[in-house]
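Read through the structure below, which is laid out as structure tokens, and then see the notes.
What follows is calculated from the coordinates using simple rules that are stated; it is not laboratory data. All figures in this text were calculated on a predicted structure; none of them were measured in a lab. Reconstructed Cβ throughout: ideal geometry from the backbone, glycine too, with neighbour counts over all protein chains shown.
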Amino acid sequence: MENTLIIVGIIFIVFGLFAGVYTTSTTESFLGGLFTNEELERPYQMYSIPLIVGGIVLILIGALQNKNRISRKK
């Protein structure tokens with residue numbers, strides 16, 4: 001269980017990093033293509049911080065549970 005929490009926490013952190021970095025490009029044309037406007041958007045940027053923080057929390061909980069289990073065995 002503890003190892004699963006740590007692995008899921010790492011996956012959340014990786015998804016959070018990808019969510020913050022992922023960009024899409026949209027191109028708009030005006031007057032039959034005479035003027036073009038290209039914008040870069042980050043559609044998943046709002047999810048990056050909660051995913052990273054959630055991953056850190058899961059890793060900490062998994063590590064603390066593992067530490068408590070080891071100390072009980074001694």
Members of the range 1-50 found to be closer than 30 Å to K67 by Cα and among the polar types (S, T, N, Q), listed by number: N3, T4, S48
Which residues, taken from the range 1-10, are exposed (fewer than 13 other Cβ atoms within 10 Å of the Cβ) and aliphatic (A, V, I, L, M)? M1
Sole residue being in contact (Cβ under 8 Å) with a residue 40 or more places away in the chain and either in contact with a helix residue (DSSP H, G or I) (Cβ under 6 Å, 6 or more places away or on another chain) or not aliphatic (A, V, I, L, M) (or both), chosen from I11, I6: I6
With the condition kept exactly as written, say whether any residue in the range 21-43 is assigned to a helix (DSSP H, G or I) and surrounded by 13 or more Cβ atoms within 10 Å (Cβ to Cβ). no
